[in-house]
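First up is the structure itself, then whatever we jot down about it.
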Amino acid sequence: MRSAIILVGGEARRANGQEKYFFRYQGKTFIERLVDTLRGIVDEIILVARDPEQCRRFDHLEGVRCITDIRQGIGPIRGLHAGTLAAQGDLIFVSACDMPCIDAGVVSYLFSAIGEHQAAIPSWNTDLLEPLMAVYRREAILEYLKTHESYSLRSMIRSIDTLYVPVNDLRQFDPELRSFTNINKLEDLEQINGDNAAL
């Protein structure tokens with residue numbers, strides 16, 4: 001069984017306090033695009049939100065389960081922790097909510113590439129990794145979080161058996177590597193939407 005975790009609980013400080021998952025691109029919100037992409041690849045999709053109030057904002061999404069963070073104030077790994085505990089799949093794809101261009105072929109490739117490894121992480125070079133566009137083995141995450149105090153995703157990746165997937169290997173599915181487009185600011189949204197940016 002394959003699971004997907006989408007982290008939606010960030011504070012959105014870099015987007016003027018606006019909720020990035022409801023930004024629109026090509027007629028759909030970011031979260032709708034992500035869910036539509038992942039539906040054909042995984043058996044379950046889990047959104048990890050800050051609190052129940054935020055979860056209720058996703059009630060309109062069918063076939064998606066929303067849960068809340070267990071541990072507060074420790075960055076993205078808090079959502080990864082909660083989502084992994086809730087997931088039923090042995091393999092888990094993890095994504096941020098501000099990546100509206102993720103390609104289904106890229107995600108499928110990461111699932112197949114992991115093999116016996118504990119993680120498959122896209123890598124631009126030895127220092128520039130994509131831990132929030134990656135596949136992990138559920139038990140590896142849970143075991144790490146039991147025994148380590150660090151809240152750094154990079155520390156976790158370095159501590160488990162990770163396969164580093166060169167991003168150029170993914171161009172066969174996504175020639176321009178648009179999957180890694182990350183919207184941090186309203187200006188970024190305007191750039192990908194051109195002159196017709198809509199919030």
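Which semi-axis lengths, in whole Å and largest first, follow from the square roots of five times the eigenvalues of the Cα gyration tensor of the chain?
24, 20, 16
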Sites excluded, trypsin sites (Lys or Arg not before Pro) in DSSP loops with at most 15 other C-beta within 10 Å, longest stretch of the chain: 72-170
Estimated distance in nm for a label pair at D43 and Q172, the labels positioned 7 Å out from Cα along Cα-to-Cβ: 2.6
Cα Rg over Rh - the range 21-115, Kirkwood: 0.95
Qualifying chymotrypsin sites (Phe, Trp or Tyr not before Pro) for the range 116-183 [loop in DSSP, other Cβ within 10 Å: at most 11]: none
Karplus-derived HN-Hα couplings along the range 25-30 (A = 6.51, B = -1.76, C = 1.60, θ = phi - 60°), whole Hz, x at Gly and Pro: 9, 6, x, 10, 6, 4
Cys residues of the chain counted as unpaired, since no other Cys beta-carbon is under 4.7 Å: C97, C101
DSSP-defined beta bridges in the chain - what % are antiparallel, rounded to 5: 35
Dimensionless Rg ratio for the range 20-68, taking C-alpha atoms and the 2.2 N^0.38 Å reference: 1.12
For L91, distant residues with modelled amide H under 5 Å away: S3, R138
Under 5 Å, built H, 5+ apart or other chain: amide partners of V165: I121, S123
Helix-derived mean residue ellipticity, 222 nm - over the chain, DSSP H n ≥ 4, -39500 (n - 2.57), to 500: -8500 deg cm²/dmol
Hz values of 3J(HN,Hα) by residue in the range 166-173 - Karplus curve (6.51, -1.76, 1.60), Gly and Pro given as x: x, 4, 5, 5, 8, 5, 5, 9
Heavy-atom accessible area order for M1, M156, largest first, 1.4 Å probe: M1, M156
Longest DSSP-loop-exposure-free segment, GluC sites (Glu not before Pro), the chain, at most 13 other Cβ within 10 Å: 63-115
Intensity falloff of the range 114-173 expressed as log10 I(q)/I(0), Debye formula with alpha-carbon point scatterers, at q = 0.12, 0.16, 0.26 Å⁻¹: -0.28, -0.48, -1.13
Long-range HN-HN contacts of Y25 with modeled amide H, under 5 Å: F30
Translational diffusion coefficient (Stokes-Einstein; Kirkwood radius from C-alpha pairs) of the range 63-177 at 10 °C, 1.306 mPa s, in µm²/s: 108
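The values are calculated or read from the model by the stated rules, or taken from the named source; none is laboratory data. This is a predicted model, so every value here is computed, not measured. No Cβ is skipped: glycine too gets one built from the backbone with ideal geometry, and neighbour counts run over all protein chains shown. Accessible surface is based on the protein model in full, side chains and every heavy atom, while ligands, DNA and RNA are left aside. Shrake-Rupley method; radii C 1.70, N 1.55, O 1.52, S 1.80 Å.
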